[in-house]
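To start, the structure itself, in structure tokens.
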Amino acid sequence: MSALDSWDSPAYSAVSFPSGGAVAKVLDQRKLPWTETYDTVSTWQDMAEAILTMRVRGAPAIGVAAAYGMVLAAFTAPREPELFIRAMEEAARGLVVTRPTAVNLAWAVEHLLAHARKVAGEEPVRRSASCLERARGIHEDDIAACKRMGEHGVALFPDEGTVLTHCNAGALATGGYGTALGLLRAAREHGKKLRVLASETRPYLQGARLTAWELAKDGFDVKIVTDNMVGHLFARKLVSCVVVGADRVARNGDVANKIGTYGLACLAHMHGVRMIVAAPVSTVDLATPNGDAIPIEHRPGSEVTEIALPSGHVSIAPEGVGALHPAFDVTPARLVSAFVTERGVASPLDEASLAKLVAG
Ligand code: MRU
């Protein structure tokens with residue numbers, strides 16, 4: 001059985017490309033926890049829309065989704081090799097612009113584009129099958145990377161304690177198993193008794209809606225806290241350690257992650273609590289020198305002024321008042337106690353330890 005068939009048999013998957021077909025399936029995460037709906041995605045443009053509108057989200061998962069988006073482009077591209085390459089380049093441009101901070105997206109698209117160039121001269125059926133195989137490879141590698149990360153991270157957790165996590169860096173945000181939540185899964189498999197606090201993660205509520213959903217499904221002791229409760233929880237010594245994912249790690253080790261992570265890192269530092277970041281090597285961007293150079297995605301203010309409910313969007317702001325919505329922030333490397341990847345752990349995290357880790 002391949003890693004794609006199961007990462008210990010969850011009944012859900014953020015994105016998949018069922019065998020024998022020419023369409024992808026995307027779990028619409030905007031509808032969780034209320035309903036588990038899988039959308040059929042049959043063109044790269046639809047996949048770009050699914051990523052842009054956060055039906056599929058989380059850096060590694062959107063990398064996998066974009067890889068499948070490139071496969072969809074290959075299925076419909078013209079037969080003639082030069083036109084095929086042009087169509088693939090157009091799809092690559094359209095997919096990459098959807099979410100600028102998560103570097104896994106560009107990484108996966110570039111991989112598929114390079115592969116498409118290699119197989120452009122083959123028969124259309126063969127070359128799209130070959131692109132699909134490559135995309136499935138990226139998906140499988142991501143699950144395997146999460147599992148290895150989990151093993152590397154186990155020693156960083158206490159035998160018993162309360163772990164705070166932010167946003168959703170779980171199976172829903174990756175090919176499967178999860179980065180930050182993968183570490184928790186692995187720690188549990190090693191007998192550690194961990195309670196989890198999921199910070200709500202305004203405005204998209206990935207913590208309340210998604211992390212709580214997947215951890216509760218998995219039998220974890222998980223409780224939701226609002227983002228503004230965390231200072232108090234640190235002050236009362238109710239947090240043993242923090243674990244989060246990452247959307248991009250710059251060459252000097254600065255970490256871009258969901259807005260709110262920087263504040264948690266400052267609190268963790270101030271209270272002497274370990275701040276763990278987990279991400280695959282594909283999240284490391286050596287071409288970006290430091291956190292200041294990481295592009296921060298700004299999303300519509302309406303995502304802050306409105307709450308999305310199954311019954312529709314409800315405004316929580318006075319009419320005419322707008323909102324800021326930077327979707328990510330940057331945590332300086334020195335505030336990260338340990339950076340966990342599938343190749344091992346960098347601790348302390350800095351340019352030298354990161355370079356060594358990436359080199360394998
Ligand atoms: O905006 P999102 O939901 O795509 O945010 C990305 C994230 O889930 C997190 O920032 C996460 O920690 C990194 S992805 C495993």
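The values are calculated or read from the model by the stated rules, or taken from the named source; none is laboratory data. This structure is a prediction, so every number in the text was calculated from the model and none was measured. All Cβ positions, even for glycine, are placed from backbone atoms using ideal geometry, and neighbour counts span all protein chains on display. The area values use the complete protein model at the heavy-atom level, side chains included, leaving out ligands, DNA and RNA. Shrake-Rupley method; radii C 1.70, N 1.55, O 1.52, S 1.80 Å.
Values computed for the structure shown
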| quantity | calculated |
| --- | --- |
| Residue count for the stretch 274-310, restricted to those that are under 18 Å from the mean Cα position of the chain (by Cα) and of a type in the set (Lys, Arg) | 1 |
| Candidates THR174, THR165, THR201, filtered to the one that is surrounded by 23 or more Cβ atoms within 10 Å (Cβ to Cβ), free of Cβ contacts under 8 Å to residues at least 60 places away in the same chain and hydroxyl-bearing (Ser, Thr, Tyr) | THR201 |
| Those residues of the stretch 110-144 which are without any contact (Cβ under 8 Å) to a residue 12 or more places away in the chain and either surrounded by 18 or more Cβ atoms within 10 Å (Cβ to Cβ) or over 23 Å from ALA279 (Cα atoms) (or both), in sequence order | ALA114, LYS118, GLU122, GLU123, VAL125, ARG126, ALA129, GLU133 |
| Selection from the stretch 26-44 of residues that are of a type outside the set (A, V, I, L, M, F, W, C) and either part of a helix (DSSP H, G or I) or in contact (Cβ under 8 Å) with a residue 12 or more places away in the chain (or both) | ASP28, GLN29, ARG30, LYS31, PRO33, THR35, GLU36, TYR38, ASP39, THR40, SER42, THR43 |
| Residues that are within 16 Å of the ligand (Cβ to nearest atom), open to solvent by 10 Å² or more (accessible area, probe 1.4 Å) and not in a loop (DSSP other than H, G, I, E, B), drawn from the stretch 58-109 | PRO60, VAL96, VAL103, ALA106, TRP107 |
| Filter result for HIS313 (within 13 Å of the ligand (Cβ to nearest atom) and open to solvent by 50 Å² or more (accessible area, probe 1.4 Å)) | no |
| Lone qualifier among VAL321, VAL277 - being of a type in the set (Val, Ile, Thr), open to solvent by 50 Å² or more (accessible area, probe 1.4 Å) and either away from the ligand (no atom under 16 Å from the Cβ) or in contact (Cβ under 8 Å) with a residue 40 or more places away in the chain (or both) | VAL321 |
